[in-house]
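The values are calculated or read from the model by the stated rules, or taken from the named source; none is laboratory data. Keep in mind that this is a model prediction, so the values were computed, not measured. In this analysis, Cβ positions are derived from the backbone assuming ideal geometry, glycine residues included, and neighbour counts consider all displayed protein chains. The area values use the complete protein model at the heavy-atom level, side chains included, leaving out ligands, DNA and RNA. Shrake-Rupley method; radii C 1.70, N 1.55, O 1.52, S 1.80 Å.
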Amino acid sequence: MRVQVKLFAFFREGRFVKEDKELPEGTTAGAVVDDLNIDREEVGVLMINSRHCKFETVLQEGDIYAIFPVIGGG
Amino acid sequence: MVAEQDLKEIIRILLECSQGNVLSLADQKEIAEKFDCLLCDIEKIALEHSIVPARFTRNSLSCHEQLRLFQSRVAIIGCGGLGGRTAELLARIGIGHLTLTDPDIFSESNLNRQIFCNAETLGYNKVEVISSELQKINPVLTTDIHINTFDAASVAEADIVIDGLDSATARKDLVKLCQKQNIPIVHGAVKEWYGQIGVDRSANNLVCSLYPQATNSATAPNVMPMTVALLAAMQAAEVCKFLLGKGSLIDEGWLQCDLLFSEYDHIKNTLC
């Protein structure tokens, strides 16, 4: 299935801003994070089609999946 | 406080020396001394009579709006990069009262981004330095300072709170404190070239949505000075818009700011 993955802030560095990915059926949001070598502890918000989701959420054909890091400084 | 019998005479002098229009700081000081009252007492009377202090003539705000800002109280929690800069901007625009809370002293690693950190202020309490410097910018401003991590006193009587904190757990504690009293928080956070800003209210639970995991970063994040300046300016603008009833584009979520890729995205918070 085809899913568009969008990265935000420093997750973009050395990776991409957005990319269409061909993923096996049943792939979870968390598995994409792991494949991108993103530490789950650094993840803030995950969204599928502009709605919040969890690492366990299963992606579907045509989803737009956004991954935001925790930004914590003040 | 201004004595009742002095009020009429003060108004007469204000109208005369301002020619019914603009009041200089020198005249304001002279009137305050003459009637043994505070600069802020004179400022209030002037604004109530459509006389604008010269300090604010370039603000592009109406006299009524300027009075609203003057009568407002803003609490700044965390006076590092974001907190220090928002304090400076809010003092310049004419907020009447700021409550500043931070337990720390200025150290060398603050020099890249904290506006009141310089070679002479290293080692001094941040809130003491900031309060004193703000007086030079806006001598009519009143401040309370709290040299500690925040508590209920830090947000007492505040119309709105600025989040200048640097940990997820502290932010969540601040949210609990403010939601109890129904005080909105202008959240801001920065890291490297990136930042985020939004307004947390009881109804939207923004901060808890942005920090779903309880953990704090083990090390303080690196932050570029431009990121701090931009996000602090946005926080100060949101404060003023809230106080002036102007509404906000980021009421429904947050603005994700990326200075490296020059991208600014409004993200709707679907967890509210």
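Treating r as the C-beta distance of residue B:92 and residue B:38 and R0 as 30 Å, the FRET efficiency rounds to 0.90. Modelled spin-label separation between residue B:270 and residue B:136, with each label point placed 7 Å from Cα along the Cα-to-Cβ direction: 5.1 nm.
Largest GNM mean-square fluctuation among B:27, B:166, B:251, using chain B with Cα springs under 10 Å: B:27.
Based on the reciprocal of the average 1/r between different C-alpha atoms, the Kirkwood radius for segment B:4-63 equals 11.3 Å. Site pair residue B:59 and residue B:112 shows an inter-label distance of 3.5 nm when each label is modelled 7 Å from Cα along Cα→Cβ.
Taken along its principal axes, the alpha carbon cloud of segment B:181-251 reaches lengths of 38, 28, 19 Å, longest axis first.
Taking the charge dipole of chain B about its Cα centre, with +1 at Lys and Arg Cβ atoms and -1 at Asp and Glu Cβ atoms, the residue from B:112, B:240, B:40 reaching farthest to the positive side is B:240.
Each listed q (0.20, 0.22, 0.27 Å⁻¹) maps to a log10 I(q)/I(0) for chain A from the Debye sum over equal C-alpha point scatterers, namely -0.78, -0.95, -1.46.
Looking at chain B, what % of its DSSP beta bridges pair antiparallel, to the nearest 5? If you can, show how the numbers build up before the last one.
Details: 19 of 39 bridges.
Of all bridge pairs located within chain B, approximately 50 percent are antiparallel.
With +1 on the Cβ of every Lys and Arg and -1 on the Cβ of every Asp and Glu, and nothing else charged, how large is the dipole of segment A:2-69 about its Cα centre, in debye rounded to the nearest 20?
Numbers: 9 positive and 13 negative charges, 58 e Å.
Once rounded to the nearest 20, the dipole reads 280 debye.
Partner shielding of A:61-73 amounts to 6, given as the average count of beta-carbon atoms from other chains within 10 Å of each residue beta-carbon. Shielding of peptide A:2-14 by partners, expressed as the average count of other chain Cβ atoms within 10 Å per residue Cβ, is 3. Put the Cα centre of segment B:153-225 next to the Cα centre of segment A:25-74 and the gap is 22 Å. Each of B:17, B:202, B:158 was placed along the dipole of the protein assembly as shown (beta-carbon charges, centred on the mean Cα), and the one lying farthest toward the positive end is B:17.
Report the relative contact order of chain B, percent, no decimals, based on alpha-carbon pairs under 8 angstrom and at least 6 residues apart. Provide the component values of the computation, followed by the final result.
Values: 496 pairs, mean separation 43.0, N = 272.
Here the relative contact order equals 16 percent.
DSSP bridge analysis restricted to the protein assembly as shown gives an antiparallel fraction near 55%, rounded to the nearest 5.
Antiparallel beta bridges, as assigned by DSSP with both residues in segment B:177-272, represent about 95 percent of the total such bridges.
If the only charges are +1 at each Lys and Arg Cβ and -1 at each Asp and Glu Cβ, what is the size of the charge dipole of segment B:72-186 around the Cα centre, to the nearest 20 debye? Intermediate values should be presented prior to the final figure.
Working: 10 positive and 14 negative charges, 66 e Å.
That gives segment B:72-186 a dipole magnitude of about 320 debye.
Summary of the geometry: segment B:91-139 and segment B:3-38, compared by the centres of their Cα atoms, lie 30 Å apart.
Give me a single rounded figure for A:36-48: the average over its residues of other chain Cβ atoms within 10 Å of their Cβ.
Details: counts 0, 0, 0, 0, 1, 4, 3, 2, 8, 11, 1, 4, 0.
For this peptide, the per-residue mean of nearby foreign Cβ atoms is 3.
Accessible surface computed residue by residue for the protein assembly as shown, with neighbouring protein chains in place and a 1.4 Å probe, gives 46 Å² per residue.
To the nearest 20 debye, what is the magnitude of the charge dipole of the protein assembly as shown about its Cα centre, counting +1 on the Cβ of each Lys and Arg and -1 on the Cβ of each Asp and Glu? Intermediate values should be presented prior to the final figure.
Values: 32 positive and 47 negative charges, 101 e Å.
Rounded to the nearest 20 debye, it is 480 debye.
Given the alpha-carbon gyration tensor of the protein assembly as shown, what are the semi-axes of its equivalent ellipsoid in whole angstrom, ordered largest first, with each equal to the square root of 5 times an eigenvalue?
On the way: eigenvalues 400, 81, 55 Å².
The answer is 45, 20, 17 Å, longest axis first.
Accessible area ranking (1.4 Å probe, heavy atoms, ligands and nucleic acids excluded), largest first, for B:113, A:15, B:58: B:58, A:15, B:113.
Per-residue ellipticity at 222 nm for chain B, helices alone: DSSP H runs ≥ 4 residues times -39500 (n - 2.57), over residue total, nearest 500 deg cm²/dmol? Walk me through the intermediate numbers first.
Details: 10 runs with 108 residues, N = 272.
After summing the helix terms and dividing by residue count, I get -12000 deg cm²/dmol.
The GluC sites (Glu not before Pro) of segment A:1-30 that DSSP puts in a loop, and whose beta carbon has at most 14 other beta carbons within 10 Å, are A:13, A:25.
Expressed as a whole percentage, what fraction of the accessible surface of segment B:4-63 belongs to carbon and sulfur atoms when a 1.4 Å probe is rolled over the protein heavy atoms?
Numbers: 1720 of 3580 Å².
Accessible surface attributable to carbon and sulfur in segment B:4-63 totals 48 percent.
Give me the percent of Cα-Cα pairs in chain B that sit more than 27 Å apart, rounded to a whole number. Value for chain B (Cα pairs over 27 Å): 41 percent.
Within chain B, which DSSP H helices have Cα atoms that stretch 24 Å or more along the helix axis and a mean Kyte-Doolittle hydropathy of at least 0.5? Before the final figure, lay out the partial values.
On the way: long enough: B:225-243 (27 Å, 1.30).
The qualifying helices are B:225-243.
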